[in-house]
Amino acid sequence: MADYDCRPGGSLKFKGGVADGGIVKKKKKSKSRSQVEDSQDREQQRDKHRLGSEGVDPAPGSASGSNRGSPALSGKNDKKTEAERRFEEVQRRRLQAKVARHARKTHKDRVNELNAKLEALSEHHDIPKVGPG
């Protein structure tokens, strides 16, 4: 039993601390206000140039690059093939039909349908009774 009497306390130490030549993380440089405002101005100018032919101004302060990969919001792109355009159109129609179908039913109707479906299932699907009684 004397072997277990002396136990070191404290937390475990990582190998190679800063003093031992370990990894030292660099601090990030913060941008000055003028650089941030300048970049926002350039972004707004770029958006206005893109949307200039449509005559639509983007909302001020909006995140311009949040929906760039979205097929429904991508707009007209001359680089897409005819099949790609048809595919996106069909997907957009399917999404609209799904939303309309989902919006027709109330929560109460959905609960009633689920209960009817569960009633129609056989006893094989019932939750087994566990324990005595």
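A crude spin-label estimate for the pair Asp109 and Ala2, with each label 7 Å from Cα along the Cβ direction, gives 8.4 nm.
In straight-distance terms, cross-link reach from Lys79 covers every one of the lysines whose alpha-carbon lies under 27 Å from its own, apart from those fewer than eight places away in the same chain; here that gives Lys48. Full extension of the chain segment joining Leu12 with His125 gains 35.5 nm, where the gain is 0.36 nm per residue of separation less the Cα-Cα distance. Straight-line cross-link partners of Lys117 among the lysines, defined as a Cα under 18 Å from its Cα and at least 8 positions apart when in the same chain: Lys105, Lys108.
Derived scalar couplings between HN and Hα for segment 85-98 equal 5, 5, 4, 5, 5, 5, 5, 5, 5, 4, 5, 5, 5, 5 Hz in order, rounded to whole Hz, by the Karplus curve 6.51 cos²θ - 1.76 cosθ + 1.60 (θ = phi - 60°), x for Gly and Pro. Straight distance only, please: which aspartates and glutamates reach the Cα of Lys31 with their own Cα at less than 19 Å, same-chain residues fewer than 8 apart left out? Candidates past the 8-residue exclusion: Asp41, Glu43.
No lab work stands behind these numbers, since they all come straight from the coordinates. Just so we're clear, the structure is a prediction, and the values are computed from it rather than from any experiment. As a convention, Cβ positions derive from the backbone with ideal geometry for all residues, glycine included, and neighbour counts pool all protein chains shown.
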